[in-house]
Amino acid sequence: MRGLVKSYGGRNAVDGLDLDIRRGEIFALLGPNGAGKTTTVEVLEGYRSRDGGQVAVLGVDPATGGRRWRADIGIVLQSGAGDSQLTCLELLTAQAAYYPDPRDPHEVLELVGLTEKAGARGRSLSGGQRRRLDVALGIVGKPALLFLDEPTTGFDPEARRQFWSLIRSLRELGTTMLLTTHYLDEAEELADRVGVITAGRLVEVAVPAELGGRGQAPAVVSWTEDGLRRTEATQTPTAFVAGLAARFPGEVPDLAVARPTLEDVYLQMIGQPS
Ligand SMILES: Nc1ncnc2c1ncn2[C@@H]1O[C@H](COP(=O)(O)OP(=O)(O)OP(=O)(O)O)[C@@H](O)[C@H]1O
């Protein structure tokens, strides 16, 4: 997209966004509430009109994308089809019928770990299982591009890890994914690149390890000495720790070496103290 603009009531919610997402990558769009992530994603999905700029998704302008283009796109919305009276298998089979070359619904259930729930109705599933069903519905059409809007909100830690592994298997199958998330650890785990957006503008695009100059940031060494917690920011933590080790007879008490996390640099970028 180039110069994407979307305004509501004369105010630009998306204010001139340039962004390229590569085939086969997982790209995470990060930003505070109201930054313009959902608006951007909805323009890309063809669900929202734009007020300016050029956009091509799989080579097609979403404003004019037809059935064939739509069949190549999968969408996992924030709230899905979990309340249905139909069973998981019935829902998937019905959804698959809309696509020219769908995945086998049984295979999809296996992929998302819901094989045992094939005959269960949507409304009897737990929150995490419903999200899996949402993903299953998003991928049954074998999309080349999958949009995931805050996919793991409300998951327990184990379910999140299982979900991440599902997303990685989809990447291995060649699916390009655009993810929005408020979980920085999720972005770090999954994304090949992240983009930070605030007030409708893109602040930076980088691999997670390099965002906000993270790769060059000093390490913080901390330890306890004479009953006090001490810290030292250093570009040469190995030499510094070697120096500490020489000063202490045994273990350096409570020794830790920390680098800024993705959350630290993100909060700094959006102007919040970490
Ligand atoms: N249909 C609408 N009508 C008017 N204003 C809207 C509409 N949709 C979004 N906005 C405004 O546009 C801005 C961007 O909203 P958007 O939903 O894209 O943000 P977001 O980054 O997805 O936020 P969140 O993290 O809370 O989901 C906000 O100020 C929001 O109030």
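Somewhere in region 119-138, is a residue within 16 Å of the ligand (Cβ to nearest atom), aliphatic (A, V, I, L, M), farther than 12 Å from residue 87 by Cα and in the same structural domain as residue 89 (by TED's automatic domain parsing)? Looking through region 119-138, none of the residues is within 16 Å of the ligand (Cβ to nearest atom), aliphatic (A, V, I, L, M), farther than 12 Å from residue 87 by Cα and in the same structural domain as residue 89 (by TED's automatic domain parsing). Comparison of 9, 36, 46 shows that the only residue that is within 16 Å of the ligand (Cβ to nearest atom), over 19 Å from the mean Cα position of the chain (by Cα) and either surrounded by 14 or more Cβ atoms within 10 Å (Cβ to Cβ) or of a type in the set (S, T, N, Q) (or both) is 46. In the condition set (1) open to solvent by 30 Å² or more (accessible area, probe 1.4 Å); (2) of a type in the set (A, V, I, L, M, F, W, C); (3) more than 16 Å from the ligand (Cβ to nearest atom); (4) at pLDDT 95 or above, residue 81 is compliant with all but (4). Residue-level check: of (1) within 8 Å of the ligand (Cβ to nearest atom); (2) more than 23 Å from residue 59 (Cα to Cα); (3) of a type outside the set (Ser, Thr, Tyr), residue 14 misses just (2). Checking region 177-188 against the condition returns a match, with at least one residue being open to solvent by less than 10 Å² (accessible area, probe 1.4 Å), touching a residue at least 40 places away in the same chain (Cβ under 8 Å) and small (Gly, Ala, Ser).
Output the residues belonging to region 101-112 that are surrounded by fewer than 18 Cβ atoms within 10 Å (Cβ to Cβ) and within 17 Å of residue 175 (Cβ to Cβ). Correct list: 101, 104, 107, 110. Reported count of residues in region 49-65, each being away from the ligand (no atom under 16 Å from the Cβ) and touching a residue at least 24 places away in the same chain (Cβ under 8 Å), is 4. Only one of the listed residues (174, 271) is within 30 Å of residue 25 (Cα to Cα), in a loop (DSSP other than H, G, I, E, B) and within 16 Å of the ligand (Cβ to nearest atom). That residue is 271. In this entry, residue 204 passes the filter for residues that are outside any loop (DSSP other than H, G, I, E, B), closer than 16 Å to residue 28 by Cβ and over 15 Å from the mean Cα position of the chain (by Cα).
Scanning region 220-245 for residues that are open to solvent by less than 70 Å² (accessible area, probe 1.4 Å) and in contact (Cβ under 8 Å) with a residue 24 or more places away in the chain yields 220, 221, 222, 223, 224, 225.
Checked against (1) part of a loop (DSSP other than H, G, I, E, B); (2) more than 10 Å from the ligand (Cβ to nearest atom); (3) open to solvent by 30 Å² or more (accessible area, probe 1.4 Å), residue 19 passes all but condition (3).
Tallying residues that are open to solvent by less than 10 Å² (accessible area, probe 1.4 Å) and touching a helix residue (DSSP H, G or I) at 6+ places or on another chain (Cβ under 7 Å) within region 142-162 yields 4. Here residue 151 qualifies as within 23 Å of residue 31 (Cα to Cα) and either among the small types (Gly, Ala, Ser) or within 16 Å of the ligand (Cβ to nearest atom) (or both).
Looking only at region 246-263, residues that are free of Cβ contacts under 8 Å to residues at least 12 places away in the same chain and acidic (Asp, Glu) come to 1 in all. Looking only at residues in region 246-274 that are among the hydroxyl-bearing types (Ser, Thr, Tyr) and at pLDDT 90 or above, the one that is least open to solvent (accessible area, probe 1.4 Å) is 266.
The values are calculated or read from the model by the stated rules, or taken from the named source; none is laboratory data. Note that this is a predicted model, so its numbers are computed, not measured. When we count neighbours, we look across all protein chains shown, and the Cβ atoms used for this are built from the backbone with ideal geometry, even at glycine. Surface accessibility is based on the protein's heavy atoms, side chains included, excluding ligands, DNA and RNA. Shrake-Rupley method; radii C 1.70, N 1.55, O 1.52, S 1.80 Å.
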